[in-house]
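Below is one structure, written out as structure tokens; the observations come after it.
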Amino acid sequence: MQYQLPKDFFFGGAMSGPQTEGRWQDDGRIPSIWDTWSNLDITAFHNRVGSYGGNDFSSRMEEDFELLKSIGMDSVRTSIQWSRLLDIDGNLNPEGERYYHQLFATAKKVGIEIFVNLYHFDMPEYLFNRGGWESREVVEAYAHYARIAFETFGKEIRYWFTFNEPIVEPEMRYTVGGWFPFVKNYSRARAVQYNISLAHALGVREYRRAKAAGFMLEDSRIGLINCFAPPYTKDNPSEADLEALRMTDGVNIRWWLDLVTKGELPQDVIDTLQSRGVDLPIRPEDKLILADGVVDWLGCNYYHPERIQAPAKDTDENGIPNFADPYVWPEAEMNVSRGWEIYPQGLYDFAMKVRDEYPELEWFVSENGMGVEREDLKKDENGVIQDDYRVDFVRRHLEWIARAIQDGAKCRGYHYWAIIDNWSWANAFKNRYGFIEVDLEDNYNRRLKKSAKWLKQIATTHIVD
């Protein structure tokens, strides 16, 4: 069956500064928290590939943009690195400023619209050492950074975003302890989430001020990008299962949707957290700050659903409150490389939630992708990676997006992650996502995968079949 996407539906790619730029000590760039971890323990990264290299984008930006244009992409989302734009005193770094002016001008020359995100897990090291997102000083430093970015590049960029996936650092750095500094403390994790929410609102406030002062394009927009994993529980759920669903949805999804549409956080979630001994660092003036967090639109990163049930215990072995336990759905289809469930209908279900509960909110799919190990083993006699599985993955997700739009969803476009293979945190280059291969054994050279031809057809015709 064919599905028709709207003619003004945009197609593009998603990437980030720390995962692509490289040149980690060039342009006056100061260390980020990823450099800290890489220098501390390079063995923590797959194949000992730390934060230093990216995917050589800085040397190839025009080539990369031309490649993306050649396969039908009209836009790309990337990020400014705080550690490249500002120096250790919080002043504009002229070399970093030149770097981003060049990046934006190169994209414009090729005919690619750049979406700019201000923060992608890459806090400058010196600010992390001052407390990171647990510190109000750092929250205020982020607002200062956002103001400089808006005033410096506001006439070059139309679409801005304060954060990418603000739920991830509270989880990976402070709950499961998978990322440096390896903390396992639920109260600290939620405090970080709360302070990031304040930083987002202050960033939006700086954007509104910059626009009122004439620094921004008149038709510019501000947004937030978060990963949304719709939670599901068992058939015939108990009251405890439904409570697990409420809190999982509340902390991971409603928290951000309420913030960007209402300028507030869900009070029922805060009440439940406080009843379990999780105290947020709330100050009297915060209500007015959060009220400024309302955005013009939202980015939705979607990879997999979350299957949950009532917790067997109130806390885990680390004393972390348990609000839900995993539930293994017997019908789950898995991407074995990532250990993630493939469930395209989750995008439709998220779309319907937004349509029904936040009806004025416009949004787009800001990330969606399939990471696969050892794609080098899937090359044909001509050296082209045969990734039919990626075509199937994206096609099915686009079909559900088209159905959601038909049913009233205000979904405006689709960005694939990562359109060009890139470095991915501790996994480095273990899982490849791109429609475009990066050959690490051949000087980072780029090659189109089989899927790229299919993507161009979809992006050009807006017909999904």
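The values are calculated or read from the model by the stated rules, or taken from the named source; none is laboratory data. Not measured: the values here are computed from a predicted model. Cβ atoms come from the backbone with ideal geometry, glycine included; neighbour counts cover every protein chain shown. Calculation scope for accessible area: heavy atoms of the full protein, side chains included, ligands and nucleic acids excluded. Shrake-Rupley method; radii C 1.70, N 1.55, O 1.52, S 1.80 Å.
The charge dipole of region 226-370, taken about its Cα centre with unit charges on the Cβ of Lys, Arg, Asp and Glu (plus for the first two, minus for the last two), comes to roughly 160 debye.
Taking all protein chains as shown and a probe of 1.4 angstrom, Tyr348 keeps an accessible surface of around 40 Å². The simple spin-label model puts a point 7 Å past each Cα toward its Cβ; for Asp442 and Ser337 those points are separated by 1.8 nm. Taking all protein chains as shown and a probe of 1.4 angstrom, Val260 keeps an accessible surface of around 0 Å².
Counting residues in region 231-301 as N, plug N into 2.2 N^0.38 Å and put the Cα Rg over that result. It would help to have the intermediate numbers written out before the result.
Details: Rg = 14.2 Å, N = 71, 2.2 N^0.38 = 11.1 Å.
So region 231-301 has a normalised radius of gyration of 1.28.
When the charge dipole of region 309-460 is built from unit charges on Cβ atoms (+1 for Lys and Arg, -1 for Asp and Glu) and taken about the Cα centre, the candidate among Ile342, Gly413, Phe323 whose Cα reaches farthest toward its positive end is Gly413. Rounded, prolate or oblate: which one fits region 68-186, using the alpha carbon gyration tensor with axes a ≥ b ≥ c (rounded when a/c is under 1.5, else prolate when a/b beats b/c, else oblate)? Note, shape of region 68-186 comes out oblate.
Rolling a 1.4 Å probe over the protein heavy atoms gives the chain an accessible area of 40 Å² per residue. Label sites at Gln386 and Ala213, each approximated as a point 7 angstrom past Cα along Cα to Cβ, lie 5.8 nm apart. Multiplying the residue separation of Glu140 and Ile88 by 0.36 nm and subtracting their alpha-carbon distance yields 17.2 nm. Less than 5 angstrom separates the built amide H of Arg173 from those of Trp179, all sequence-distant by 5 or more or on a different chain. For the pair region 153-214 / region 63-78, the C-alpha centres are spaced 27 Å from each other.
Residues in region 263-268 carry Karplus couplings, in order, of x, 8, 9, x, 5, 5 Hz; the curve used is 6.51 cos²θ - 1.76 cosθ + 1.60 with θ = phi - 60°, and Gly or Pro positions show x. Taking all Cα pairs closer than 8 Å and separated by 6 or more residues, the relative contact order of region 3-464 comes to 18 percent. Residues whose amide H falls under 5 Å from that of Lys379, counting only those 5 or more places apart or on a different chain, are Gln386, with hydrogens built in the peptide plane.
Please state the charge dipole magnitude for the chain, taken about the Cα centre, from unit charges on C-beta atoms (+1 on K and R, -1 on D and E), reported in debye and rounded to the nearest 20. Spell out each step's value before the answer.
Values: 54 positive and 74 negative charges, 142 e Å.
Charge dipole, the chain, about its Cα centre: 680 debye, nearest 20.
Remark: region 3-74 carries a charge dipole of roughly 180 debye about the Cα centre, counting +1 on each Lys and Arg Cβ and -1 on each Asp and Glu Cβ.
Largest first, the residues Cys227, Cys411 sort by 1.4 Å accessible area into Cys227, Cys411.
Please arrange Ser59, Ser79 by accessible surface area, largest first, computed with a 1.4 Å probe and ligands excluded. Show your work: numbers first, answer last.
On the way: Ser59 90, Ser79 5 Å².
From most accessible down to least: Ser59, Ser79.
Secondary structure note: in the chain, about 30% of the DSSP beta bridges are antiparallel. When Ser275, Ser337, Ser75 are compared by accessible area at a 1.4 angstrom probe, the order from most to least is Ser275, Ser337, Ser75. Rg/Rh for region 3-464: what does it come to with C-alpha atoms and Rh from Kirkwood? Result for region 3-464 is an Rg/Rh of 0.94.
From the phi angles alone, apply the Karplus equation (6.51, -1.76, 1.60; θ = phi - 60°) to region 61-72 and give each ³J(HN,Hα) in whole Hz, x where the residue is Gly or Pro. After applying 6.51 cos²θ - 1.76 cosθ + 1.60, I find 4, 5, 4, 5, 5, 5, 4, 5, 4, 5, 9, x Hz.
Going 7 Å from the Cα of Asp296 in the Cα-to-Cβ direction, what parts of region 221-239 have a backbone nitrogen less than 20 Å from that spot? Hits in region 221-239 for Asp296 at 20 Å: 221-226. Counting only heavy atoms of the protein chains and using a 1.4 Å probe, Thr43 has close to 90 Å² of accessible surface.
Remark on Gln309: its backbone amide H falls under 5 Å from those of Asp325, Tyr327, a criterion applied only to residues 5 or more positions apart or on other chains, H modelled at 1.01 Å from N.
How many angstrom separate the Cα center of region 118-144 from the Cα center of region 423-454? Rounded to whole Å, the Cα centres lie 31 Å apart.
Listed cross-link partners Lys155/Lys449; Lys69/Lys378; Lys109/Lys450; Lys234/Lys453; Lys109/Lys449; Lys7/Lys430 are compared with a 29 Å cut-off, the Cα-Cα value being larger for Lys155/Lys449; Lys234/Lys453; Lys7/Lys430. Protein heavy-atom surface of the chain, 1.4 angstrom probe: 47% of the accessible area is carbon and sulfur, with nucleic acids and ligands not counted.
Comparing Cα centroids, region 266-320 and region 340-364 end up 19 angstrom apart.
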